[in-house]
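The values are calculated or read from the model by the stated rules, or taken from the named source; none is laboratory data. This is a predicted model, so every value here is computed, not measured. When we count neighbours, we look across all protein chains shown, and the Cβ atoms used for this are built from the backbone with ideal geometry, even at glycine. Accessible surface areas use protein heavy atoms only, side chains included; no ligands, DNA or RNA. Shrake-Rupley method; radii C 1.70, N 1.55, O 1.52, S 1.80 Å.
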Amino acid sequence: MGISADMGAGFQRLRELVEAVARCGRNTPGHGVSRLALTEPDRQAREIIAGEMRELGMTVHTDACCSLWGVLPSSGKGPGVIIGSHLDSVPEGGDYDGVLGVAAGLGVVRDLLSVPPRPGRPLAVVVFTAEESSRFSLACVGSKAAAGRLSPEDVRRFCDGQGVTLAEALKNFGGHPEALGQEIISPADWAAYFELHIEQGPVLDKTGDDVGIVEAIAAPTRFMLELEGVQAHSGACPMALRHDALTAAAEVILAVEAAGQAEAKFGSVATVGVCECRPGAMNVVPGRVTLKVDLRGIRSESVARMRSQVMAKAVSVCGARGVTCQLTPYSSDVPVAMNAELTALLERICRERDVKYRRMPSGAGHDAMFVAECIPSALIFVPCRDGVSHSPKEQIEWAHVQPGYEVLREAVKERLFL
Ligand code: HGY
Ligand code: MN
Ligand code: MN
């Protein structure tokens with residue numbers, strides 16, 4: 001494992017930043033962090049990162065979608081390099097998802113500033129807003145906006161569990177939802193985007209590789225199903241006369257799992273992550289159930305097969321049980337290939353530095369998938385213990401993160417001094 005002798009000021013600072021941000025939104029012990037997008041803990045985390053950007057001499061601004069940009073000005077001309085990720089978390093999430101990539105970007109800036117010459121072209125670090133779909137059921141909000149894929153109408157359509165629309169939350173956070181679509185990442189300004197992220201799966205941890213060079217990012221198709229049966233007395237309503245929304249939902253949930261298992265050979269996955277049952281009393285036959293479904297794959301046709309299989313089963317189950325089923329689509333993104341030239345650059349640097357690496361897909365979604373629509377983009381994975389993520393048990397070994405950090409730094413340096 002090609003670990004260089006000096007940890008480097010940037011890598012050391014990276015660790016300090018991750019630890020500082022992890023205190024924003026920390027729950028009681030054993031319950032990780034809840035730093036949902038555009039909430040007070042998210043604001044606190046951004047203040048820490050903005051402070052670091054200013055200390056490094058970067059100009060700091062937020063765009064209409066509240067994404068936080070730090071740019072290291074440069075004397076030279078020509079398109080620069082962006083390093084980015086996110087700070088928001090899932091509820092009861094871990095300390096490293098997203099945060100590691102933002103902190104790594106600032107570590108790279110610190111390292112590149114410590115050894116002359118100063119980068120000849122702009123170097124930016126960006127915190128994209130609301131990468132997680134946890135609060136608004138829409139993922140990668142900031143990077144979608146930066147790719148021109150989010151309109152003022154879109155952000156009025158999505159809301160959180162308290163009915164706050166994404167547009168209102170952006171406005172309350174200092175954003176300008178009505179101006180979305182006017183600040184798009186342009187190849188005239190930016191030559192490459194790099195993101196470093198924990199793998200969030202078990203592959204690197206199992207193989208002992210320190211770096212995953214991502215070739216393609218699976219894309220989610222997400223939707224909500226609202227099942228409406230007949231609420232009734234659990235004691236007085238005979239079994240034969242029931243229209244129980246929760247038992248219908250149970251069959252649909254198992255159908256989602258079966259669809260994922262049938263398509264697993266193509267690397268596809270299927271999950272029901274939310275099941276809300278109303279009124280949620282032990283002595284009431286449930287009348288209404290809301291399911292939120294997440295289907296993913298790197299092969300669009302496989303995801304499409306899962307979706308049609310799930311919908312066919314939902315219609316037949318609900319028909320047989322006298323339960324209605326309302327579909328609300330959330331998103332249907334397409335799998336994205338990472339830039340071949342940048343993945344080759346990463347591979348060469350890994351070989352030169354004797355870093356154990358593998359080329360691999362990403363099952364999780366990332367901001368890189370939308371930035372890749374605008375400029376050449378690359379995603380570097382580093383291992384997380386047992387592949388656990390989106391959990392308080394998310395853990396890393398810093399010695400196994402450092403090789404990926406140094407590969408990121410060398411790749412950015414090469415792109416900046418081309
Ligand atoms: O859900 C995801 O794929 C990512 O963690 N946003
Ligand atoms: Mn995540
Ligand atoms: Mn993430």
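Surface composition of region 1-103: carbon and sulfur make up 54 percent of the accessible area, probe 1.4 Å. One decimal place: the segment A240-H61 gains 58.2 nm when fully extended, by the rule 0.36 nm per residue minus the C-alpha distance.
Charge dipole of region 136-205 (Cα centre as origin; +1 on each Lys and Arg Cβ, -1 on each Asp and Glu Cβ, all else neutral): 240 debye, rounded to the nearest 20.
Our coupling estimate for region 268-283, obtained by passing each phi through the Karplus curve with A = 6.51, B = -1.76, C = 1.60 and θ = phi - 60°, is 8, 9, 9, 9, 9, x, 10, 9, 9, 10, 10, x, x, 10, 5, 9 Hz, Gly and Pro reported as x. For S74, the shell of other residues with beta-carbons less than 14 Å away shows a net charge of +4, using +1 for Lys and Arg and -1 for Asp and Glu.
Of the residues M282, A320, Q231, the one whose Cα sits farthest toward the positive end of the charge dipole of region 219-332, with +1 on the Cβ of Lys and Arg and -1 on the Cβ of Asp and Glu, is A320. Note that region 112-151 presents 27 Å² accessible area per residue, ligands and nucleic acids not counted, probe 1.4 Å.
When the helices of the chain are scored as -39500 (n - 2.57) per DSSP H run of n ≥ 4 and the total is divided over every residue, the value at 222 nm lands at -11000 deg cm²/dmol.
Spacing of the modelled spin labels on E92 and E47, each 7 Å from Cα toward Cβ, amounts to 2.8 nm. Overall, the chain carries a charge dipole of about 420 debye about its Cα centre when +1 sits on the Cβ of Lys and Arg and -1 on the Cβ of Asp and Glu, all other atoms neutral. To the nearest 0.05, what FRET efficiency results for A344 and M282 with a Förster distance of 51 Å applied to their C-beta separation? With a Förster radius of 51 Å, E is 0.30.
Using a 1.4 Å probe, what is the accessible area per residue for region 26-103, in Å²?
34
Computing FRET efficiency as 1/(1 + (r/R0)^6) for E16 and A304, where r is the C-beta to C-beta distance and R0 is 41 Å, gives about 0.35.
Reported to the nearest whole Å, the Cα centre-to-centre distance from region 184-250 to region 290-359 is 9. Measuring nothing but how far apart in sequence close Cα pairs (under 8 Å, 6+ apart) lie, relative to its length, the chain scores a relative contact order of 22 percent. Angle of helix 8-21 to the longest C-alpha principal axis of the chain, folded into 0 to 90 degrees and rounded to 10: 30°. Evaluating 6.51 cos²θ - 1.76 cosθ + 1.60 at θ = phi - 60° for every residue in region 191-197, the Karplus couplings come out as 8, 7, 10, 10, 9, 10, 8 Hz, glycine and proline recorded as x.
For region 219-332, calculate the relative contact order in percent as a whole number, restricting contacts to Cα pairs under 8 Å that are 6 or more residues apart.
44
Using a Förster distance of 30 angstrom, determine the FRET efficiency expected from the C-beta separation of E352 and S74, and round it to 0.05.
Once the sixth-power term is evaluated, E becomes 0.70.
The local environment of I83, defined by Cβ-Cβ distances under 10 Å, has a net charge of 0 under the rule Lys, Arg +1 and Asp, Glu -1. Placing a pseudo-label 7 Å from each Cα along the Cα-to-Cβ vector at A9 and K393 gives an inter-label distance of 4.0 nm. Protein heavy-atom surface of region 144-236, 1.4 angstrom probe: 50% of the accessible area is carbon and sulfur, with nucleic acids and ligands not counted. May I ask for the distance between the Cα centers of region 110-136 and region 1-72, given as a whole number of Å? For region 110-136 versus region 1-72, the Cα centre distance is 10 Å.
Toward the positive end of the charge dipole of the chain, with +1 on the Cβ of Lys and Arg and -1 on the Cβ of Asp and Glu, the farthest Cα among S331, S302, W190 is that of S302. Of the residues A250, S391, A240, the one whose Cα sits farthest toward the positive end of the charge dipole of the chain, with +1 on the Cβ of Lys and Arg and -1 on the Cβ of Asp and Glu, is A240. Quick query: amide H of L196 versus all other amide H atoms, modeled in the peptide plane; which residues come in under 5 Å with a sequence gap of 5 or more or a different chain? For L196, whose amide H was placed from the backbone, the distant partners under 5 Å are G84, I380.
The residues of region 278-379 have, on average, 45 Å² of accessible surface per residue, using a 1.4 Å probe with all protein chains present. For region 61-69, putting each phi into the Karplus relation 6.51 cos²θ - 1.76 cosθ + 1.60 with θ = phi - 60° gives couplings of 8, 10, 8, 4, 9, 6, 5, 9, 10 Hz, in residue order, rounded to whole numbers and with x for Gly and Pro.
Legend: residue pairs K206/K393; K292/K313; K206/K413; K356/K413; K144/K171, Cα-Cα distance threshold 26 Å; pairs beyond threshold, K206/K413.
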